[in-house]
1. With the radius of gyration and the Kirkwood radius both derived from the Cα set of the chain, what is their ratio Rg to Rh?
2. With only alpha-carbon pairs counted, each pair once and no self-pairs, how large is the Kirkwood hydrodynamic radius of the stretch 60-107 in angstroms?
3. Can you tell me the relative contact order of the chain? Whole percent, Cα pairs under 8 Å, sequence separation 6 or more.
4. Quick one: plug the Kirkwood hydrodynamic radius of the stretch 126-235 (C-alpha pairs) into Stokes-Einstein at 20 °C, 1.002 mPa s, and report D in µm²/s.
5. Cα-Cα pairs above 14 Å in the stretch 96-146: how many percent?
6. Would you mind checking Lys42/Lys72; Lys60/Lys158; Lys96/Lys158; Lys88/Lys122; Lys96/Lys138; Lys57/Lys138 for any pair whose Cα atoms are more than 30 angstrom apart?
7. Name the shape class, rounded, prolate or oblate, that the alpha-carbon gyration tensor gives for the stretch 48-154, where a ≥ b ≥ c are the square roots of its eigenvalues, rounded holds for a/c under 1.5, and otherwise prolate holds if a/b is larger than b/c and oblate otherwise.
8. Can you list, bin by bin at 10 Å, the percent of alpha carbon pairs in the stretch 23-68, starting at 0?
Amino acid sequence: MFQRLKALFGRTPKPASEEALSADKIPQHIAVIMDGNGRWAKSRGLPRMAGHHSGMKTVKRITMAADRLGVKYLTLYAFSTENWKRPKAEVEFLMKLPQEFLAIELKELIEKNVQVRMMGYKGDLPDHTLRAVEEAIKQTANNTGLVLNFALNYGSRKEMIEAVRLIGEEVQAGRLLPGDINDTHMEGSLLTAGIPNPDLLIRTSGELRISNFMLWQLAYSELWFTDVYWPEFTEEHFYEAVREYQRRVRRYGGV
Ligand code: IPE
Ligand code: IPE
Ligand code: MG
């Protein structure tokens, strides 16, 4: 609570729309499907890569906005297990972005007490990508502020298959009876183990789908979609999503 109040009132001037948010109903975990980089670039007659590059600035912008609001977890979908289907040059470009982003921003993330994490399958990532991410994770491991969780080579179906496999191994070893398997076993076996489920999911670019993102975890998340492409997504759009979230009534199947 103190952190939230500090975040809302303790720092340099805030845009009026940020002040209008109520401090006691800030989502604890916001997940974002950062989409529309390619279309943004195309609409300006630029190559897709220019869109990805510009999207990095939005990552910075929204990370800082989430931090100021007192959000505890920000999960950003950066690369899916299906994105390997893209042309080789685009994949290679995307795989260079983490190190470029961190080379510029890691210092400030450390200063802001942000903890960097990664959720996804590390094995398929190029060495240079993995090294940069692991270095950031290591350098921020003891930070206690916003958790900035990059979904990188993440896919929810793979995640669930792996979870089922882990649970199956427990059963096979005689440590768990099939009839005793419950939500807790599943949650503890997903890549989000220990992280609360997202309160709010944001997807940019006008697509109204989930694209294999956090299928289990989003069961009761509030969903918010915008036509805005990720490179042009601003703090104002972000606050608008949070404001809308604050108006929603979450019933979880109750009345
Ligand atoms: C999101 O933008 C970034 C990634 C999926 C890596 P896109 O590259 O999907 O942009 P569009 O959807 O083609 O416009
Ligand atoms: C989802 O966007 C993946 C990321 C944002 C990283 P895509 O652009 O890959 O999704 P589809 O293909 O439109 O469903
Ligand atoms: Mg897309």
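1. 0.97
2. The Cα-based Kirkwood calculation yields 12.6 Å.
3. Relative contact order here is 27 percent.
4. For these conditions, the coefficient is 129 µm²/s.
5. Counting every Cα pair in the stretch 96-146, those more than 14 Å apart make up 49 percent.
6. Lys42/Lys72, as the Cα separations exceed 30 Å there.
7. Prolate is the answer for the stretch 48-154, as a/c is 1.5 or above and a/b outweighs b/c.
8. P(r) for the stretch 23-68, in whole percents per bin: 25, 41, 24, 10, 1.
Values in this text are rule-based calculations from the coordinates and carry no lab data. Since this is a predicted model, take the numbers as computed values, not measurements.
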